[in-house]
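Derivation of every value follows stated rules applied to the coordinates shown; laboratory data play no part. Computed from a predicted structure; not experimentally measured. Backbone-built Cβ (ideal geometry, glycine too); neighbour counts: all protein chains shown.
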Amino acid sequence: MYPLLMSKVLKEKVWGGRVLDDLLKIPLAEGKIYGESWELSSHPNGPSAVVNGPWKGQTLPQLLEREGPKLLGPEVFFRFGGKFPLLIKYLDVHDRLSVQVHPSDAYAQEHEGEWGKSECWYVLRASPDARLILGLAEGISREVFQERVSQKKWKGLFREVSVHTGDFVQILPGTVHASVAGSVLLCEVQQNSDTTYRIWDFDRLEKGVPRPLHLDKALDVINFEARPVPKPALSRPWEVHEGVDWQPLVNDPLYAAALVHLTQGWRSPARASFRSYSLLEGSGKLTGAKKTWAVQAGQTWLVPAGVETEWEGNLTLLAAWS
């Protein structure tokens, strides 16, 4: 086992832009706009592949089939039924992200045949006017929601909040959410799922036709009390952990995430479960299994369970694991 540099799966979106190239140096095809870069995925809608070392060209699903317990760690492998539990993305939201909601595991497994979607966003960059929808407005009941949606009376239905660079927010299943003003670049850690129920798409067209809505299923899963609050950077203390600056972001039964900042070196010990590292800023070197690779912003690495790594350079990483 050794540290694995993963390929990206780019997704064109009507609300996307070109910031993935501008800020993270992710190459994009000319003349196209991209909303998502799937950085670490075993989902059939866009599996990642290894781009370094002996397993170059192997997809993550292929590796899981061959080396699942070693790759994930035995406890994680069996807890998640042999499936990779996470999907790591960048989102370039240059236009409005549709108003949407994700289902729970129980609902998604019954209706979609896959896991539900709990997710969290770290805001790498936000324009001064950036605003998100996070939940419904106070006093919006199921009956009021149904009536207003049937009449297409959207004003005042949703709870809008400002968002800033460095903010962090967790979006649990059932939480209505969207981006409604400005632009944001997000790093997203989520369950391995691609199920979204669209409530409103601002009446825009994609290739001349409206994108489909999923109002009946959305109504089934909405939590009418969910109103998450973004946590600003200054409210989250840094800790010294394993000799580097470490900022815990979330510790959920399904996933955990933290920011890691180092200016010199960091020896990360072998662990019982895998770790993913998305490089948000900087450049340096990564050593593991007696090999050394150059690393830079825009890359995502998967470090298997039981592999010790050593990082060098001035780097900010988003670490995620289950």
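A few notes on this one:
- Most mobile listed residue (Gln190, Gln109, Gln296) in the chain, GNM with C-alpha springs under 10 Å: Gln109
- The residues Val101, Val144, Val161, when put in order of fewest to most other Cβ atoms within 10 Å, stand as Val144, Val161, Val101.
- Helix-derived mean residue ellipticity, 222 nm - over the chain, DSSP H n ≥ 4, -39500 (n - 2.57), to 500: -4000 deg cm²/dmol
- Furthest towards positive pole of dipole, Pro128, Ala272, Gly82, structure part the chain, Cβ charges: Pro128
- Net charge dipole size for the stretch 199-251 [Lys, Arg +1 and Asp, Glu -1 on Cβ; Debye, nearest 20]: 180
- Counting neighbouring Cβ atoms within 10 Å and putting the fewest first, the residues Glu310, Glu239 line up as Glu239, Glu310.
- FRET E, pair Arg142, Glu67, Förster distance 35 Å, beta-carbon r, rounded to 0.05: 0.15
- On the principal axes of its alpha carbon atoms, the stretch 237-321 extends 33, 26, 23 Å, with the longest extent given first.
- Relative to the dominant Cα principal axis of the chain, helix 60-72 is inclined by about 60°.
- Dipole magnitude (debye, nearest 20) for the chain, charges at Cβ of Lys, Arg, Asp, Glu: 380
- Placing +1 on each Lys and Arg Cβ and -1 on each Asp and Glu Cβ, with no other charges, gives the stretch 185-322 a dipole about its Cα centre of roughly 260 debye.
- The slack in the chain from Glu30 to Asp245, taken as 0.36 nm per residue of separation less the alpha-carbon distance, amounts to 73.6 nm.
- Gain in span if fully extended, Asp220 to Glu206, counting 0.36 nm per residue against the direct Cα distance: 2.4 nm
- Long pairs among Lys56/Lys83; Lys117/Lys285; Lys25/Lys89; Lys56/Lys290, criterion Cα-Cα beyond 23 Å: Lys117/Lys285
- Potential lengthening between Val51 and Arg267 on full extension [0.36 nm per residue; Cα-Cα distance subtracted]: 75.4 nm
- Residue exposure sequence - Leu219, Leu4 - by fewest surrounding Cβ within 10 Å: Leu219, Leu4
- For the chain: relative contact order, % (alpha-carbon pairs under 8 angstrom, 6 or more apart): 20
- Relative contact order of the stretch 1-121, taken over Cα pairs closer than 8 Å and 6 or more residues apart, is 26 percent.
- Per the Kirkwood formula applied to alpha carbons, the chain shows a radius of gyration over Rh ratio, Rg over Rh, of 0.97.
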